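Participant: Let me begin by handing over the structure; questions about it come next.
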Amino acid sequence: MGKEQIDTICALATAPGGALGIIRVSGPQAFDVVSHICSVNCADCAPNTVHYTHIISPLPLEGTGVAQVIDEVMVSVYKAPKSYTGEDSVEISCHGSRYIYNKVLELLIQNGCRMANPGEFTQRAYLNGKMDLSQAEAVADLIASTNKATHNIALSQLRGQFSSELSILRDQLLKLTSLLELELDFSDHEDLEFADRTELLSIAQTIDNRITRLAQSFETGQALKQGIPVAIVGKTNVGKSTLLNTLLKDDRAIVSDIHGTTRDTIEDTIDINGITFRFIDTAGIRQTQDEVEQIGISRTYAAIDKARIVLWLIDSLPSDTEVQEMQERCKDKSLIIIINKMDKLNDESTKELSSYLSPLTSHLLTISAKYGTHISELESAIYESANIPTLTESDVIVTNARHYDALTHAHSHLLRVIDGLNLQLSGDLLSEDLRMALDNLAEITGGQITPQETLQNIFSHFCVGK
């Protein structure tokens, strides 16, 4: 390791503003540094123990000659390699005052620490073999998780579910590689039996199928991470902004009887059954000469293109042209048709609308956005339309673009291997693509030498103290 890696580092590991805060110290001098500023000799402490002490400044209180007590604290001692970073580490739990934080950090730095870089504690944990690279990245995802689904995905990855999956795939690739090499090395021995190409092809296809499924989960992973996009569309003054406000339980969008009030897209999110949905209130669709409103309508169409779910809000019978246009624009989307203003529609009108629209979708609801009638049923329909499987801590969903890129490259190499096996190409022509596929999977966990700039890019996005 270079000098930067063997420094003793410190940082506040908790967000400021709470009643308590934790300052983390890690590195070869961690015990000596902390022992200099308190009455606990950390080196003599048993591992994984907590001790009550005082943080003391060497500068005496003015006019007293008595050392200044900064705070009463609890000091937790962790000895290498059984610590988060794999190094000697100390965590100082102190009162949640910015003055106290700053004074403790100042004393630590004066005694030989330096401030940690973003993600440096987790980077050291990776470099010291406490976790692989995909698990290290899961730490940041776990901190950033905003709902139950993203929490479960990050926790699954942190606990090594994804790593175990990749390990199995790599073992299968190594088996395939060894069988091909055996065929090459002993091809002139007629008395030896080798795995036939049918078996090799079956192994390669099994591996590729699993890699493909993992790569395909990235779309779901990104949707869960960023929020599943839901576009609210319909004519002007049909109640789109009212519906958004009702769903959000907040006056987020301007509501007016004047047509064309919403001239741009308005976005906000809500949580439904542990999944984040990103709602987009759009400009009303109508024929208009207003240039600004026309821009808003063009953005409505763009929002439909990006949405995974479309809520088509209506309060009167749409024309055949409107139906055809909506079906065309939503052919690859989950379409929920909503008859709004049920408080104003009579039973005959509602029945006529339902009869006409029901063949167009599996989700047709009648609501009153103004009074919140049947909104819970609408939320259930939105959740169902997202078609998200129930996620547990053992499920593997790819959410990281770097992982997705590595999986797609591995898939490309495996396709060439499969084509080569079908064409009866010799093993030496297939071995390079097999090696590249192995390298691609190794990139995810850091199983091969990872470029320093890649590590810096990954850990620079972490918060300081983690």
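Participant: If packing is taken as the average number of other Cβ atoms within 10 Å across a peptide's residues, how do 220-228, 15-23 rank, most packed first?
Facilitator: Highest-to-lowest ranking by the protection proxy: 220-228, 15-23.
Participant: Based on the alpha carbons, how large is the Rg to Rh ratio for the stretch 4-133 when Rh follows Kirkwood?
Facilitator: In the stretch 4-133, Rg relative to Rh is 0.97.
Participant: Working from the pairwise distances between different alpha carbons, so that the mean of 1/r is found and then inverted, what is the stretch 295-451's Kirkwood radius in Å?
Facilitator: Evaluated on the stretch 295-451, it is 20.2 Å.
Participant: Taking the Cα of residue 395, stepping 7 Å toward and past its beta carbon, and measuring to each backbone N in the stretch 141-172: which are under 12 Å?
Facilitator: 148-154, 156, by backbone N distance to the label point.
Participant: Work out, in µm²/s and without decimals, the Stokes-Einstein translational diffusion coefficient of the chain at 37 °C, 0.692 mPa s, Rh from Kirkwood over C-alpha pairs.
Facilitator: This corresponds to a translational diffusion coefficient of 121 µm²/s.
Participant: Between residue 80 and residue 46, what is the FRET efficiency for a Förster distance of 22 Å, r being their Cβ-Cβ separation, to the nearest 0.05?
Facilitator: Efficiency computed from Cβ-Cβ geometry: 0.95.
Participant: If you don't mind, another one. For the stretch 74-194, what is the number of Lys pairs with C-alpha distance below 28 angstrom, counting only pairs 8 or more positions apart or on separate chains?
Facilitator: Number of lysine pairs found: 5.
Participant: For the stretch 13-118, what does the accessible surface come to per residue with a 1.4 Å probe? Please give it in Å².
Facilitator: 50
Participant: Something else: Could the peptides 362-372, 403-413, 164-174 be put in order, highest first, of the mean number of other beta-carbon atoms found within 10 Å of their residues?
Facilitator: Most protected by this proxy first, the peptides run 403-413, 362-372, 164-174.
The values are calculated or read from the model by the stated rules, or taken from the named source; none is laboratory data. These numbers were taken from a predicted model, which means no experiment stands behind them. Note: ideal-geometry Cβ built from the backbone for every residue, glycine included; neighbour counts use all protein chains shown. The accessibility values were calculated without ligands, DNA or RNA, using every heavy atom of the protein model including side chains. Shrake-Rupley method; radii C 1.70, N 1.55, O 1.52, S 1.80 Å.
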